[in-house]
1. For segment 134-170, name all the residues that are more than 21 Å from Gln250 (Cβ to Cβ) and at pLDDT below 95.
2. Only residues that are over 13 Å from Leu122 (Cα atoms) and either β-branched (Val, Ile, Thr) or outside any strand (DSSP E or B) (or both): list them for segment 51-74, please.
3. Which condition from (1) surrounded by fewer than 20 Cβ atoms within 10 Å (Cβ to Cβ); (2) in a helix (DSSP H, G or I) is the one that Gly123 breaks?
4. Suppose we filter Leu173, Leu165, Leu142 for residues that are of a type in the set (A, V, I, L, M, F, W, C) and over 25 Å from Ala83 (Cα atoms); which single one remains?
5. Being in contact with a Leu (Cβ under 6 Å, 6 or more places away or on another chain) and either assigned to a helix (DSSP H, G or I) or surrounded by 16 or more Cβ atoms within 10 Å (Cβ to Cβ) (or both), is that true of even one residue in segment 96-113?
6. Among the residues of segment 164-172, is any in contact with a His (Cβ under 7 Å, 6 or more places away or on another chain) and surrounded by 18 or more Cβ atoms within 10 Å (Cβ to Cβ)?
7. Can you confirm whether segment 67-75 contains a residue that is touching a residue at least 24 places away in the same chain (Cβ under 8 Å) and within 23 Å of Phe227 (Cβ to Cβ)?
8. Among the helices (runs of 4 or more DSSP H) confined wholly to segment 131-221, which include 3 or more residues that are more than 14 Å from the chain's Cα centre (by Cα) and aliphatic (A, V, I, L, M)?
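The values are calculated or read from the model by the stated rules, or taken from the named source; none is laboratory data. Model, not experiment: these values are computed from the prediction. Ideal geometry is used to build each Cβ from the backbone, glycine not excepted, and the neighbour counts take in all protein chains shown.
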Amino acid sequence: MTDFQQKIILVTGASTGVGEGIARELLKRGAKVAITGRNPEHLQKAINEWDPTGDSVLAIEADVRKLSDCERMVSTVSDKFGALHGLVNNAGITGPHGVKIEDYDFEAWQDVMDTDVTGTFLGMKFGIPAIIKSGGGAVVNLSACNGVTGIAGIAPYTAAKHAVLGLTRAAALEYAEQGVRINAVGPGYVATPNILALPQDVQAMMAESHPMKRMATREEVAKMVAFLLSDDSRFCTGGFYPVDGGYTAQ
């Protein structure tokens, strides 16, 4: 197992869902982890469960859609821990399902793009300089299997995850010589608590869409993220790494 002792990693949208799984995996491997989210109760619950002393976990209430919040979250991490070695841009929303473009609410479109795309852009805008100042490191952006495929009924989410992959590739080229590696992970459906609360027939449909006939676990996504943050992937940048049970191979 990769050792993240003395490493400081920021994970956005990490008080619940996939982000929570990523943060837990990094903590287990010895990292000091800063997590962000919009819900202070979820953040406090995470602190209470993971690290009541606050020595290894820093919770920051922040909205990744806002430039000032993203600047503040990075500076808060640097002030608390003195460095930043890794960034995981995980915060994202799916938006409404089963809606054609002509019927899609513009404000809902804007919310998906602001959260998924602008949030990733702002995370890198402020996070990458902090990583360079700390001697280099890695960024992992959460795209999705939708980032390389087209799916009807969720056009904004599909467009957003394509954009995340484009940002990843451009940034990887911009910072390759400055010691910052930037990659994207593309999960399929992940068995988060919210997904597992859906009706059984919906869960079955999600599982069936993967050739392996099941959903990913949060731990499986987290282990891929940990690999890409680690020195084990030191010659990997600008890549897209599916964790989708073969979905994108179809």
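1. Scanning segment 134-170 gives no hits.
2. Result: Asp51, Pro52, Thr53, Gly54, Asp55, Ser56, Val57, Ile60.
3. (1)
4. The unique qualifying residue is Leu165.
5. No, every residue in segment 96-113 fails to be in contact with a Leu (Cβ under 6 Å, 6 or more places away or on another chain) and either assigned to a helix (DSSP H, G or I) or surrounded by 16 or more Cβ atoms within 10 Å (Cβ to Cβ) (or both).
6. no
7. no
8. The helices (runs of 4 or more DSSP H) meeting that bar are 155-175, 200-208.
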